[in-house]
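The values are calculated or read from the model by the stated rules, or taken from the named source; none is laboratory data. Quantities reported herein were computed from a predicted structural model and do not represent experimental measurements. As a convention, Cβ positions derive from the backbone with ideal geometry for all residues, glycine included, and neighbour counts pool all protein chains shown. Keep in mind that these areas ignore ligands, DNA and RNA; they rest on the heavy atoms of the full protein, side chains included. Shrake-Rupley method; radii C 1.70, N 1.55, O 1.52, S 1.80 Å.
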Amino acid sequence: GIADASFAGCAGLIRLSIPESVKHIGDYAFSNCTALESIRYDARDLEGGFSNYSYVFHRAGRNGQGIEVVVLLPV
């Protein structure tokens, strides 16, 4: 998993691909990542999920404009 606030404030993170082996993303994990543009999360075997989705990407993205999050789920 990705612990709470793991990448919080990481100004150099632009794009991220999270493999399906990651089963949980903690609170504020990517908050205030001001250069972040997109995240691709292969969540086909999602167990714990996002601890509190609304805060995982809090104030992420250029100028706080948000980011593109692609979550792949089983069909």
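Things worth noting here:
- Restricting Gly9, Gly26 to residues that are in contact with a strand residue (DSSP E or B) (Cβ under 9 Å, 6 or more places away or on another chain), modelled with pLDDT of 80 or more and not polar (S, T, N, Q) narrows the list to Gly26.
- Residues in segment 29-52 that are at pLDDT below 80, in a strand (DSSP E or B) and open to solvent by 20 Å² or more (accessible area, probe 1.4 Å): Asp42, Phe50.
- Filter result (out of contact with any Leu (no Cβ under 7 Å at 6 or more places or on another chain) and open to solvent by 40 Å² or more (accessible area, probe 1.4 Å)) within segment 1-15: Gly1, Ala3, Asp4, Ala5, Ser6, Ala8, Gly9, Cys10, Ala11, Gly12, Arg15
- A count restricted to segment 19-34 and to residues that are closer than 15 Å to Ile67 by Cα and among the hydrophobic types (A, V, I, L, M, F, W, C) stands at 3.
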